[in-house]
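Single-structure report; data block below.
The values are calculated or read from the model by the stated rules, or taken from the named source; none is laboratory data. It should be emphasised that the depicted structure is a prediction, and the values quoted were computed from it without experimental measurement. FYI the Cβ positions are ideal-geometry reconstructions off the backbone, even for glycines, and counts take in every protein chain you see.
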Amino acid sequence: MPGYRERLARTLPRVKEAIAEGAAAVGREASSVRLVAVTKGHPVEAARAALDAGLTDLGENRVEALEEKAAVLAGAGVRWHLIGHVQGRKAARALAAADLIHSVDTLRLAGRLSRGAEEAGHGPAAVLLQVNTTGESTKSGFPIEGATEALLEAAELRGIRVEGLMTMAPLTDAETVLREAFRRLRELLNGIRSHDPDIGGELSMGMTNDLRIAVEEGSTMVRVGTALFGEGEMP
Ligand SMILES: *Cc1c(COP(=O)(O)O)cnc(C)c1O
């Protein structure tokens, strides 16, 4: 059984420092960046250790895994982030389980979530729209070409509240490539907010490999797994 408590005692200060350095480099407050601890591939002990370390924003990439951990930690005050692709037929479960869905990647899914939230009658569901800022065919997300129109159309749906945008940068150490992906997302968000001021200002970008650069480019939420918990098991 890996010692998640001991591990976090080592890793969390480093992650916080990377966020603080990125923020300081561009004159931002580190507190303007929310750290979402991604527990995917790790047992519920990882989530519990994160909570005990003061991390209340936890992320999972699959609805089932999120539901399982949320059931064990019910009442503990976790804000659950669903960060992976959501199949249309799981839309209702995603709505019920997650506090924020980062990965709304098509108009079709946005529509399903909107209808689901209206039917459930809990008011609009908080979502981020995922954009494929790199054009990689393996990545999901709204394509960057024509994104403005599609994102604005999604934001019109009455059952969802678009709090901002999310992207995944390519897996590379090339800083200019990473910056370009993050800058595109930021500019896209600025553009759509100038058309529709009801859209929120969240930018979910930055993972273990690129979180400092993401913060320098304006990230308000970094989604960090490996740097905190080590390599998880593949689902
Ligand atoms: C796994 C995952 C993360 C965390 O990635 P790390 O490199 O382990 O920090 C962030 N975002 C998404 C969408 C993920 O699937």
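Quick notes
- Unique residue being within 23 Å of residue 95 (Cβ to Cβ) and either surrounded by 13 or more Cβ atoms within 10 Å (Cβ to Cβ) or of a type in the set (Phe, Trp, Tyr) (or both) when the list is 147, 181, 169, 154: 154
- First in the stretch 16-30 and under 14 Å from residue 207 (Cα atoms), second anywhere and of a type in the set (Lys, Arg) and not in a helix (DSSP H, G or I), Cβ under 9 Å, 6 or more apart: 22/28
- Subset of the stretch 187-206 [surrounded by fewer than 19 Cβ atoms within 10 Å (Cβ to Cβ) and either near the ligand (Cβ under 9 Å from one of its atoms) or within 20 Å of residue 144 (Cα to Cα) (or both)]: 187, 190, 191, 193, 194, 195, 196, 200, 201
- Taking the numbered list (1) touching a Lys or Arg at 6+ places or on another chain (Cβ under 7 Å); (2) closer than 28 Å to residue 23 by Cα in turn, residue 166 passes all entries but (1).
- Annotation note: Cβ proximity below 9 Å between a residue of the stretch 113-125 that is under 14 Å from residue 156 (Cβ atoms) and a residue that is among the acidic types (Asp, Glu) and in a helix (DSSP H, G or I) (sequence gap 6+ or interchain) occurs for 124/118.
- Looking only at residues in the stretch 209-235 that are surrounded by fewer than 16 Cβ atoms within 10 Å (Cβ to Cβ) and at pLDDT 95 or above, the one that is nearest to the ligand (Cβ to nearest atom) is 226.
- Counting residues in the stretch 66-79 that are surrounded by 20 or more Cβ atoms within 10 Å (Cβ to Cβ), within 17 Å of residue 229 (Cα to Cα) and modelled with pLDDT of 95 or more gives one or more.
- Condition check for residue 89: within 16 Å of the chain's Cα centre (by Cα), surrounded by fewer than 21 Cβ atoms within 10 Å (Cβ to Cβ) and either at pLDDT 95 or above or not hydrophobic (A, V, I, L, M, F, W, C) (or both): no
- Scope the stretch 202-219; condition more than 24 Å from residue 44 (Cβ to Cβ), under 10 Å from the mean Cα position of the chain (by Cα) and not small (Gly, Ala, Ser); matching residues: 202, 203, 205
- Extreme residue, farthest from the ligand (Cβ to nearest atom), among residues of the stretch 21-52 that are small (Gly, Ala, Ser) and surrounded by fewer than 18 Cβ atoms within 10 Å (Cβ to Cβ): 27
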